[in-house]
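None of the figures in this text is laboratory data; all of them are computed from the coordinates on show. What you see is a predicted model; the values in this text were computed from it and never measured. Cβ placement follows ideal geometry from the backbone for every residue including glycine, while neighbour counts extend to all protein chains displayed.
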Amino acid sequence: MNDKIFLEDTSPNKQDQLRQYTLIAYGLYAASIFVGLTSIAAVIMNYIKRDEVKGTWLESHFKWQIKTFWITLIAGLIGFVLTFVLIGIPVLLAASIWFIYRIVKGLVVFMDNKPIGDGWF
């Protein structure tokens, strides 16, 4: 999965647009650390453009971003509920650290023009 794969009918201009689109999504996810709602915009963007990146190395980044969003949201909700029994704060902290790690790792791999794995870390 380390090979760069592009569809034959994907022009270089379209490839650049999709690459910029992926970078913008990473930026919105990173901004959500300070302004949480930008991650919602990013995941909507991921779903809108998901079909266009199928078969490219960018598809792995879209899957990575979508998975990061949903797992962080679920972990955040669980952490919020658990704050009432005083164990939610560590859950929220762990979810936040995991989210930051995933965005940074994804961005680093993206900047190397490589696909990203599908693991948890």
Query raised in the report: Once the dipole of the chain is set up with Lys and Arg at +1 and Asp and Glu at -1 on Cβ about the Cα centre, which of Ile74, Ser60, Gly106 lies farthest towards its positive end?
Result: Ile74
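When the dipole is taken about the Cα centre of region 12-111, and only Lys, Arg (+1) and Asp, Glu (-1) are charged at their Cβ, what size is it in debye, to the nearest 20?
Values: 9 positive and 4 negative charges, 30 e Å.
Dipole magnitude for region 12-111 comes out near 140 debye.
Compute the Rg/Rh shape ratio of region 46-121: radius of gyration over Kirkwood radius, all on alpha-carbon atoms.
Details: Rg = 14.5 Å, Rh = 13.4 Å.
Rg divided by Rh gives 1.08.
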Query raised in the report: Leaving out same-chain residues fewer than 8 places away, which lysines sit with a Cα under 22 Å from that of Lys105?
Result: Lys4, Lys49, Lys54, Lys63, Lys67, Lys114
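Loop-only check: which chymotrypsin sites (Phe, Trp or Tyr not before Pro) in region 34-118 are DSSP coil with at most 15 other Cβ within 10 angstrom?
On the way: sites: Phe34, Tyr47, Trp57, Phe62, Trp64, Phe69, Trp70, Phe80, Phe84, Trp98, Phe99, Tyr101, Phe110; in loops: Phe34, Trp57.
Sites meeting the loop and neighbour criteria: Phe34.
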Query raised in the report: Which of the trypsin sites (Lys or Arg not before Pro) across region 11-114 are loop residues per DSSP, with 16 or fewer other Cβ within 10 Å?
Result: Lys54
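Would you mind counting up the charge near Ser60? Only other residues with Cβ under 10 Å from its Cβ, with Lys and Arg at +1 and Asp and Glu at -1. Each step should come with its number before you reach the end.
On the way: positive: Lys63, Lys114; negative: Glu59, Asp118.
Neighbourhood net charge equals 0.
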